[in-house]
1. Please arrange T177, T134 by how many other C-beta atoms lie within 10 Å of their C-beta, fewest to most.
2. I need the calculated FRET efficiency for the pair V100 and D77, taking r as the beta carbon distance and R₀ as 25 Å, to the nearest 0.05.
3. Using a 7 Å offset from the Cα along the Cα-to-Cβ direction at both A154 and E267, what is the distance between the two label points in nm, to one decimal?
4. Would the range 178-319 count as rounded, prolate or oblate if I go by the C-alpha gyration tensor, calling it rounded below 1.5 in a/c and otherwise prolate when a/b exceeds b/c, oblate otherwise?
5. Going by C-beta contacts inside 10 Å, put D190, D242 in order with the fewest on the left.
6. If each residue's Cβ is checked for other Cβ atoms within 10 Å, how do E58, E146, E101 rank with the fewest at the top?
7. Taking H placed 1.01 Å from N in the peptide plane, check which residues at least 5 places from R48 or on another chain put their amide H under 5 Å from its amide H.
8. First measure r as the distance between the Cβ atoms of H189 and E299, then evaluate 1/(1 + (r/R0)^6) with R0 = 35 Å and state the FRET efficiency to the nearest 0.05.
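What follows draws every value from the coordinates through simple rules; no lab data is involved. As the structure is a prediction and not an experimental result, all values here were calculated from the model. Glycine also receives a Cβ, built like all others from the backbone with ideal geometry; neighbour counts cover every protein chain displayed.
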Amino acid sequence: MSRPTALFAALFAGSALLASACGAPPGAPGAAAPAAAPGAAAGAAGGRIAVMSPSAAETLVALGVAPRIVAVGDFVDWPPELARLPKIGAFDAPNAERLVELGVTQLFTAASEAGRGEHARLVGLGIEVVALETSTFAGTLAAIAEAGRRVDRANEARQLLDRIAARIAEVRQRAATVPRRRVLVAVGHDPLFVAGPGSHLDELVTIAGGENVAHDAASPYPMIALEAILVRAPEVIVDSADNRPGHSRGMQAGFWAAWPFLPAVAESRVAVVDPWQLLVPGPRLADMAELMGRLVHPEVFGATRPEDFGGAPRPAEDAGR
């Protein structure tokens, strides 16, 4: 069976959200909790860090600890400060021997049922494992605070969270002045996977003055039939399902051109964005909310810009606001 875009799968594989999206039964085990190695001092300054997940990488760089990071996971290609660091495997299967060779004392990763066994092994080797749950909006905010505590940057984390909260509050306030538009956020094609309730994308749609057409789905990232989309008639489609290099992006029908009778297609309100713009929850949540505002209500938030559809994200810039 097809799965959501590779980036989406890398971000959320092993979490309760992706398990539900891919057909795991309700009530399947959820995310791993943070674990500390015996004798490890959580938050001790100066330790050597490995970071396995894109969200954790952006968070740590935004908190100012990039110089302490000595290795990254296979899907961590950004921020630029981390681009040349050694790759040490998938988020749920880091190379333990290499971590020991590099003198890693802390490993930041995505909360994952699939990674529990390997994480326990690392704890046994004296490495503090911090497994952050970022698959929900609230979880992402809590993860920023937890990361700050673990790297002795609690004050910086609070300041970052305050900035995020202030910007998101402004988006909410502006969006409250206009009627809500029906929005579909696609994260996978063939079959179609979309953002549903409980996902950070669902929350972003609401903040930006939209109504997620999949708000009543049974899982945060459900597979949806085209017939259901036709009935729900989205007025805006945000498509983040393709992360192939060079893939055309912008305000264009793209994959959806075959259904010109959809209101979003008929009214030229289909936005094809790079998955990195919306699928990596972390310090850029406020950027994402503002982008969603431009996509859903350009009459309030202004027209989209070229950088809205692709290119490198900017968490370090946000950290300085």
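1. Numbers: T177 9, T134 29.
Going from sparsest to densest Cβ surroundings: T177, T134.
2. Details: r = 24 Å, r/R0 = 0.97.
The calculated FRET efficiency here is 0.55.
3. According to this spin-label approximation, the distance is 4.8 nm.
4. Working: a/c = 1.35, a/b = 1.30, b/c = 1.04.
Rounded, since a/c falls under 1.5.
5. On the way: D190 9, D242 20.
By the 10 Å Cβ count, ascending, the order reads D190, D242.
6. Numbers: E58 28, E146 21, E101 12.
By the 10 Å Cβ count, ascending: E101, E146, E58.
7. Placed amide hydrogens put T105, Q106 under 5 Å from R48.
8. Numbers: r = 29 Å, r/R0 = 0.83.
The formula returns an efficiency of 0.75 here.
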